[in-house]
Amino acid sequence: MSKTIISFGVIGCGLMGKEFASAAARWCHLTDVDFEPRIVAVCDANPAATQWFQDNVPTVEQAYTDYKELLADPKVEAIYCAVPHNLHKQIYIDIIRAGKHLLGEKPFGIDRSANEEIMAAIRDNPQVVVRSSSEFPFYPGAQQIVQWVNEGKFGQIIEVEAGFWHSSDLDPGKPINWKRRIATNGEYGCMGDLGLHVLHLPLRFGWKPESVRALLSKIVEERPDGKGGSAPCETWDNAILACEVKSDKGQFPMVLSTKRIAPGHANTWFIRIQGTELSAEFTTKNPKQVASLPYKPGGQQAWHIVDAPYKSAYGTITGGIFEFGFTDSILQMWAAFCDEVVHGEQGISQPFRCATPEEAAGSHCLFTAALESGRTGGTAVVDWGTLA
């Protein structure tokens, strides 16, 4: 099968840039796809970061320290951009205006104002495919829940809970980084950094909160500054958002949580949906298992736990008896993005797309209201603006 090659540039050559490089190197893992990414240029203010790509990715032809030089490279068709939140607005807008397709990291701007400027650039350049990184919904168990929601299996929704938890910041001796500073991460704190992972599916299902009561926690007040002293931690470590959602079948509560300090959790993403006809749960802590409770009036209420086979959005060489993992979800996400770049929104070969700019903008609507709730101690109305 001949494949359309998409020439990529990477801006921000840290951990996730390397994950993209690994996914591109594993493209032979996918079956029956007629497109393939090829990283030809990289950019980072730190030359040591780009050196890893030059040493390990044979297709890289150019390394830059100025992203504008990469954008001027005619060989580059698309960009993966992973930079601190304060840099999103200018760099994302420049990428879009340069006509390069973009897969960017969440939250698409340090605050709602920055996000609105990015959204304006997207509207002005409709030929550019722009999506946000969010890989966890590509797990087979999550895809099963997506299918059940789309088929209306749950009946009336009773309650929803979704979250993303890790514990890497439990150690108070961990040095401070850009995610702990408002100037680089923004006031959202953990919400901006982790929240679109949690909101991707609820917003895809049309579950837009009308109000939110936020419980925001700052657990570690200061950290080592790497220079022998300490520095204040300015951003929120954990956030629990109690939301009210109204649907055509009635209203229901939805609890969303983003936690950097969740003891015992490495990187746990989960979604739980309770309904009058079906309840279901999936968590990456048990990546092979999907729990479900089908119910008919007067019938038995019993949870069923079934191993989810290795059945992904895009076919792979892996047999169904094996486990699906994080690197597999990254590969699937990248396949969805490349598919849309080559075939367009209507021509994509399977129905589940990457997180959209509108969903990223929706996260800003909710997080802005959550900050207001945190300041006042009360419930805040979510202003959806043009997304209503």
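Evaluate the following for Ala21: is it without any contact (Cβ under 8 Å) to a residue 60 or more places away in the chain and open to solvent by 50 Å² or more (accessible area, probe 1.4 Å)?
Numbers: without any contact (Cβ under 8 Å) to a residue 60 or more places away in the chain: yes; open to solvent by 50 Å² or more (accessible area, probe 1.4 Å): no.
Judged against the criteria, Ala21 is not a match.
Take Leu30 and tell me if it is open to solvent by less than 50 Å² (accessible area, probe 1.4 Å) and closer than 15 Å to Leu103 by Cα. Reasoning before the result, please.
Values: open to solvent by less than 50 Å² (accessible area, probe 1.4 Å): yes; closer than 15 Å to Leu103 by Cα: no.
Taking the combined requirement at face value, the residue does not satisfy it.
Among residues belonging to region 257-274 that are open to solvent by less than 10 Å² (accessible area, probe 1.4 Å) and not β-branched (Val, Ile, Thr), point out the one that is farthest from Ser363 (Cα to Cα).
Ala262
If you check Ala49, Ala45, Ala23, which single one turns out to be in a loop (DSSP other than H, G, I, E, B) and of a type in the set (Gly, Ala, Ser)?
On the way: Ala49 fails: in a loop (DSSP other than H, G, I, E, B); Ala23 fails: in a loop (DSSP other than H, G, I, E, B).
Step by step, each of Ala49, Ala45, Ala23 is checked, and only Ala45 is in a loop (DSSP other than H, G, I, E, B) and of a type in the set (Gly, Ala, Ser).
Per-residue answers, yes or no, for (1) at pLDDT 95 or above; (2) closer than 25 Å to Ile273 by Cβ; (3) open to solvent by 20 Å² or more (accessible area, probe 1.4 Å):
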{"position": "Phe322", "(1), (2), (3)": "no, no, yes"}
{"position": "Gln332", "(1), (2), (3)": "yes, yes, no"}
{"position": "Ala355", "(1), (2), (3)": "yes, yes, no"}
{"position": "Glu358", "(1), (2), (3)": "yes, yes, yes"}
{"position": "Gly362", "(1), (2), (3)": "yes, yes, no"}
{"position": "Arg375", "(1), (2), (3)": "yes, no, yes"}
{"position": "Ala380", "(1), (2), (3)": "yes, yes, no"}
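Which residue pairs have Cβ atoms closer than 6 Å, lie 6 or more positions apart in sequence or on different chains, and pair a first residue in region 287-309 that is free of Cβ contacts under 8 Å to residues at least 40 places away in the same chain and more than 20 Å from Ile157 (Cβ to Cβ) with a second residue that is open to solvent by 40 Å² or more (accessible area, probe 1.4 Å) and among the basic types (Lys, Arg)?
Asp307/Lys288
I'd like the full set of residues that are at pLDDT 95 or above and over 17 Å from Asp32 (Cβ atoms), limited to region 338-348. Break it down stepwise before answering.
Residues of region 338-348 at pLDDT 95 or above: 338-344, 347-348.
Scanning region 338-348 gives Val341, Gly344.
Can you find, within region 41-63, the residue that is surrounded by the most Cβ atoms within 10 Å (Cβ to Cβ) among those that are of a type in the set (A, V, I, L, M, F, W, C) and over 25 Å from Ser134 (Cβ atoms)?
The qualifying residue surrounded by the most Cβ atoms within 10 Å (Cβ to Cβ) is Val60.
Answer yes if at least one residue in region 7-14 is open to solvent by 50 Å² or more (accessible area, probe 1.4 Å), at negative phi and touching a residue at least 24 places away in the same chain (Cβ under 8 Å), and no otherwise.
no
Could you list all residues from region 116-175 that are in contact (Cβ under 8 Å) with a residue 60 or more places away in the chain, acidic (Asp, Glu) and farther than 23 Å from Arg204 by Cβ?
Asp169
Considering only residues of region 275-291 that are farther than 13 Å from Tyr139 by Cβ and assigned to a loop (DSSP other than H, G, I, E, B), which is most open to solvent (accessible area, probe 1.4 Å)?
Here the residue is Glu277.
Which ones in region 140-171 are out of contact with any Gly (no Cβ under 8 Å at 6 or more places or on another chain) and more than 22 Å from Met191 (Cα to Cα)?
Pro140, Gly141, Gln143, Gln144, Ile145, Val146, Gln147, Trp148, Val149, Asn150, Glu151, Gly152
From Ala239, Ala262, which residue is modelled with pLDDT of 95 or more, over 18 Å from the mean Cα position of the chain (by Cα) and of a type in the set (A, V, I, L, M, F, W, C)?
Working: Ala239 fails: over 18 Å from the mean Cα position of the chain (by Cα).
So the residue among Ala239, Ala262 that is modelled with pLDDT of 95 or more, over 18 Å from the mean Cα position of the chain (by Cα) and of a type in the set (A, V, I, L, M, F, W, C) is Ala262.
Can you tell me which of (1) under 25 Å from Gly109 (Cα atoms); (2) open to solvent by 60 Å² or more (accessible area, probe 1.4 Å) is the one Phe205 doesn't meet?
(2)
Working carefully through the options Ala142, Ala98, find the one that is modelled with pLDDT of 95 or more and within 15 Å of the chain's Cα centre (by Cα).
Values: Ala98 fails: within 15 Å of the chain's Cα centre (by Cα).
Result of the check over Ala142, Ala98: Ala142.
Would you please list the contacts, defined by Cβ atoms under 8 Å and residues six or more apart or on different chains, that run from a residue in region 196-214 that is closer than 14 Å to Ala380 by Cβ to a residue that is open to solvent by 10 Å² or more (accessible area, probe 1.4 Å) and of a type in the set (Ser, Thr, Tyr)?
Ser211/Thr379; Val212/Thr379; Arg213/Thr379
What residue, among those in region 296-317 that are among the β-branched types (Val, Ile, Thr) and touching a helix residue (DSSP H, G or I) at 6+ places or on another chain (Cβ under 7 Å), is least open to solvent (accessible area, probe 1.4 Å)? Don't jump to the end; show me each part of the working.
Step one: of region 296-317, the residues among the β-branched types (Val, Ile, Thr) are 305-306, 316-317.
Cutting the leftovers down to touching a helix residue (DSSP H, G or I) at 6+ places or on another chain (Cβ under 7 Å) gives us 316-317.
Working: Thr316: 27, Ile317: 117 Å².
Applying the filter and picking the extreme gives Thr316.
Looking at (1) in contact with a Pro (Cβ under 7 Å, 6 or more places away or on another chain); (2) assigned to a helix (DSSP H, G or I); (3) open to solvent by 30 Å² or more (accessible area, probe 1.4 Å), which one does Glu345 not meet, given that it meets all the others?
Here Glu345 clears every test but (1).
The values are calculated or read from the model by the stated rules, or taken from the named source; none is laboratory data. Everything numeric here is computed off the predicted structure, so don't read it as measured data. Virtual Cβ from ideal backbone geometry, glycine too; neighbours counted across all protein chains shown. Note: accessible area is taken over every heavy atom of the protein model, side chains too, but ligands, DNA and RNA are not part of it. Shrake-Rupley method; radii C 1.70, N 1.55, O 1.52, S 1.80 Å.
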